[in-house]
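Enquirer: Take this structure first; my questions come after.
The values are calculated or read from the model by the stated rules, or taken from the named source; none is laboratory data. In this text the structure is predicted, and so the values were computed from the model without any measurement. FYI the Cβ positions are ideal-geometry reconstructions off the backbone, even for glycines, and counts take in every protein chain you see.
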Amino acid sequence: MATTTATFTLSSPDLVSTPISLSSTATLYDAGTTTGVTQVKMGRNEIPLGSPTNFDLLDATAAHANKANKFYIANKATNDDHYVVVTIGAQVIGRLYAGDWMYMPWEAAADTQDIEVQAFVAAQVIEWVVFHEGETLNAAS
Amino acid sequence: MATTTASITLSSSDIMDNSLSISNTATLTKAGTATGLPDTTSLRQKRIASNVKQNLLLVDETEATALKANKVYIKNTGTSTAKYGTVGITSGDNDVEIKLGRLYGGDWMFIPWNAVRGAKEVFELTASGSWATNNTAIFDGVTATVGSTQTAAGIATVIQATKYRNWVVTAHGSNAAISIFTAKYPGVQTNVAGDWAENASGALAVSVTTQGTDVQDDITVTMNDQTETVIEYMAIYE
């Protein structure tokens, strides 16, 4: 059993009148258990600008469905106005501007929950990781 | 200008043969600029002892501007690895929920937030004819009653003085017979043909000038268990 952790830290000396320092660490388990998550995929891709506009990044599959999957995406662009729109199916989650990252659970229960990305202003490179369970290799055809 | 940073470290010594360690720090800035995100809800808690969908973060509870660099943090502070909250975003008419994923006890998430809000419907109500004493106009579950014979402008004044549940009523700038109804919330819509019921010698005509929409990026959570669980959340926005 693997031990994998995801640690978040948010800090600001001046967003509000009292400095903010928020930290949280989660250990990643298979759904409903204390068994550490054992499957991981990662990649680095350039999202082209133009047509087609939306690109599949992560395909929801039956194997992933209704599990404790998590994914991370970082936009590696450096120009402030470059951004990537991340959608789950037809629903826009939000915009990752240059240097932004996101981390969230992923239900992945249906094709309508594919994770898609679209680059705006310029082609952009993203890095991504998904922790998941239940996936088996398909027989070669 | 505020300086706020969000950092993540994904770490495992044994999920693969070699150690995995991915770290990233983002400085949270307004869309397309180097200016720090200025606004926050601060950290909030919601105690949930229900397995029915709960509103967590409503667009209308913040002043977040749509289509910007807004961010949201959510954590399930529970300790059970069997109990989880499914986080969703409402989408489109009828509050259809798109499920994002499950936060088990101890899990957290940090995402960009589109924060699109729906348009509030606006319609004009034009009164005409002469209205007799005790004539009524029923709308939104509220009855406006004419106390004495009124002209079209007079009934408009009566209607503008009436308090409606889901609408704010104002006078038209140049036509005294017209009242302007603005929905209090996105998604409140009028049925032009059938929402008004008059028992009157005069008449009312409805004309929608702004079509309301229910597209609203509200964030919801649905627990799988009724044991009280505390969900922490925070938006940082512009």
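Enquirer: Yes or no: segment B:61-77 includes at least one residue that is touching a residue at least 12 places away in the same chain (Cβ under 8 Å), more than 8 Å from chain A (Cβ to nearest Cβ), assigned to a strand (DSSP E or B) and of a type in the set (Gly, Ala, Ser).
Expert: The answer is no; no qualifying residue exists.
Enquirer: Working carefully through the options B:46, B:99, B:75, find the one that is among the charged types (D, E, K, R) and closer than 20 Å to residue A:108 by Cβ.
Expert: Exactly one residue qualifies, and that residue is B:99.
Enquirer: Going by what's in this entry, would residue B:4 be described as within 10 Å of chain A (Cβ to nearest Cβ), within 13 Å of residue B:238 (Cβ to Cβ) and crowded, with 17+ Cβ neighbours inside 10 Å?
Expert: When the stated conditions are applied, residue B:4 passes them.
Enquirer: Then there is this: If you go through segment B:13-28, how many residues are within 28 Å of residue B:56 (Cβ to Cβ) and at the interface with chain A (Cβ under 7 Å from one of its Cβ atoms)?
Expert: The total comes to 4.
Enquirer: With the structure loaded, tell me whether residue B:100 is within 18 Å of residue B:236 (Cβ to Cβ) and either among the aromatic types (Phe, Trp, Tyr) or in contact (Cβ under 8 Å) with a residue 12 or more places away in the chain (or both) or whether it fails that test.
Expert: no
So that you can scan it fast, the table gives a plain yes or no per residue for (1) facing another protein chain (nearest Cβ under 8 Å); (2) assigned to a strand (DSSP E or B); (3) surrounded by 19 or more Cβ atoms within 10 Å (Cβ to Cβ); (4) at pLDDT 95 or above:
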{"position": "A:50", "(1), (2), (3), (4)": "no, no, no, no"}
{"position": "A:74", "(1), (2), (3), (4)": "yes, yes, yes, yes"}
{"position": "A:79", "(1), (2), (3), (4)": "no, no, no, yes"}
{"position": "A:92", "(1), (2), (3), (4)": "yes, yes, yes, no"}
{"position": "A:95", "(1), (2), (3), (4)": "yes, yes, yes, yes"}
{"position": "A:109", "(1), (2), (3), (4)": "yes, no, no, no"}
{"position": "A:136", "(1), (2), (3), (4)": "no, no, no, no"}
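Enquirer: Need pairs with beta-carbon distance below 6 Å; first residue in contact (Cβ under 8 Å) with a residue 24 or more places away in the chain and within segment A:8-33, second surrounded by fewer than 17 Cβ atoms within 10 Å (Cβ to Cβ) and among the small types (Gly, Ala, Ser); sequence gap 6+ or separate chains.
Expert: Note: pairs meeting the criteria are A:32/B:82.
Enquirer: Now for a separate question. Let me spell it out: the conditions are (1) surrounded by fewer than 19 Cβ atoms within 10 Å (Cβ to Cβ); (2) of a type in the set (Val, Ile, Thr); (3) in contact (Cβ under 8 Å) with a residue 60 or more places away in the chain; (4) not assigned by TED's automatic domain parsing to the domain that holds residue B:44, and residue B:227 meets all of them except one. Which number is the exception?
Expert: (4)
Enquirer: Take residue A:118 and tell me if it is over 20 Å from residue B:28 (Cα atoms), surrounded by 16 or more Cβ atoms within 10 Å (Cβ to Cβ), out of contact with any helix residue (DSSP H, G or I) (no Cβ under 6 Å at 6 or more places or on another chain) and within 8 Å of another protein chain (Cβ to nearest Cβ). Can you show your working first?
Expert: Details: over 20 Å from residue B:28 (Cα atoms): yes; surrounded by 16 or more Cβ atoms within 10 Å (Cβ to Cβ): yes; out of contact with any helix residue (DSSP H, G or I) (no Cβ under 6 Å at 6 or more places or on another chain): yes; within 8 Å of another protein chain (Cβ to nearest Cβ): no.
Considered against the rule, which asks whether it is over 20 Å from residue B:28 (Cα atoms), surrounded by 16 or more Cβ atoms within 10 Å (Cβ to Cβ), out of contact with any helix residue (DSSP H, G or I) (no Cβ under 6 Å at 6 or more places or on another chain) and within 8 Å of another protein chain (Cβ to nearest Cβ), residue A:118 comes out as no.
Enquirer: Residue check, residue A:86 against (1) within 14 Å of another protein chain (Cβ to nearest Cβ); (2) in contact (Cβ under 8 Å) with a residue 40 or more places away in the chain, all met but one. Which one?
Expert: (2)
Enquirer: Only residues that are more than 7 Å from chain B (Cβ to nearest Cβ) and within 21 Å of residue A:105 (Cα to Cα): list them for segment A:12-26, please. Talk me through it step by step, then tell me what you get.
Expert: Keep residues of segment A:12-26 that are more than 7 Å from chain B (Cβ to nearest Cβ), which gives A:17-21, A:23, A:25.
Within segment A:12-26, A:23, A:25 meet the criteria.
Enquirer: Additional query: Scan segment A:3-16 and give yes if some residue there is surrounded by fewer than 18 Cβ atoms within 10 Å (Cβ to Cβ), among the acidic types (Asp, Glu) and more than 18 Å from the chain's Cα centre (by Cα), otherwise no.
Expert: Scanning segment A:3-16 turns up at least one residue that is surrounded by fewer than 18 Cβ atoms within 10 Å (Cβ to Cβ), among the acidic types (Asp, Glu) and more than 18 Å from the chain's Cα centre (by Cα).
Enquirer: May I ask you to list the residues in segment B:180-192 that are out of contact with any His (no Cβ under 7 Å at 6 or more places or on another chain) and either closer than 22 Å to residue B:153 by Cα or touching a residue at least 24 places away in the same chain (Cβ under 8 Å) (or both)?
Expert: Those that are out of contact with any His (no Cβ under 7 Å at 6 or more places or on another chain) and either closer than 22 Å to residue B:153 by Cα or touching a residue at least 24 places away in the same chain (Cβ under 8 Å) (or both): B:181, B:182, B:183, B:184, B:185, B:186, B:187, B:188, B:189, B:190, B:192.
Here is a yes/no grid of residues against (1) of a type in the set (Gly, Ala, Ser); (2) within 23 Å of the chain's Cα centre (by Cα); (3) surrounded by 15 or more Cβ atoms within 10 Å (Cβ to Cβ); (4) not assigned by TED's automatic domain parsing to the domain that holds residue B:85:
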residue	(1), (2), (3), (4)
B:110	no, yes, yes, no
B:132	yes, no, no, yes
B:135	no, no, yes, yes
B:140	no, yes, yes, yes
B:151	no, no, yes, yes
B:158	no, no, yes, yes
B:170	no, yes, no, yes
B:181	no, yes, yes, yes
B:189	no, yes, yes, yes
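Enquirer: In the list B:82, B:115, which residue meets the criterion of being surrounded by fewer than 21 Cβ atoms within 10 Å (Cβ to Cβ), closer than 30 Å to residue A:88 by Cα, in contact with a strand residue (DSSP E or B) (Cβ under 9 Å, 6 or more places away or on another chain) and at the interface with chain A (Cβ under 9 Å from one of its Cβ atoms)?
Expert: After applying the criteria, what remains is B:82.
Enquirer: May I ask you to verify whether residue B:159 is outside any loop (DSSP other than H, G, I, E, B) and either out of contact with any strand residue (DSSP E or B) (no Cβ under 6 Å at 6 or more places or on another chain) or over 27 Å from residue B:66 (Cβ atoms) (or both)?
Expert: yes
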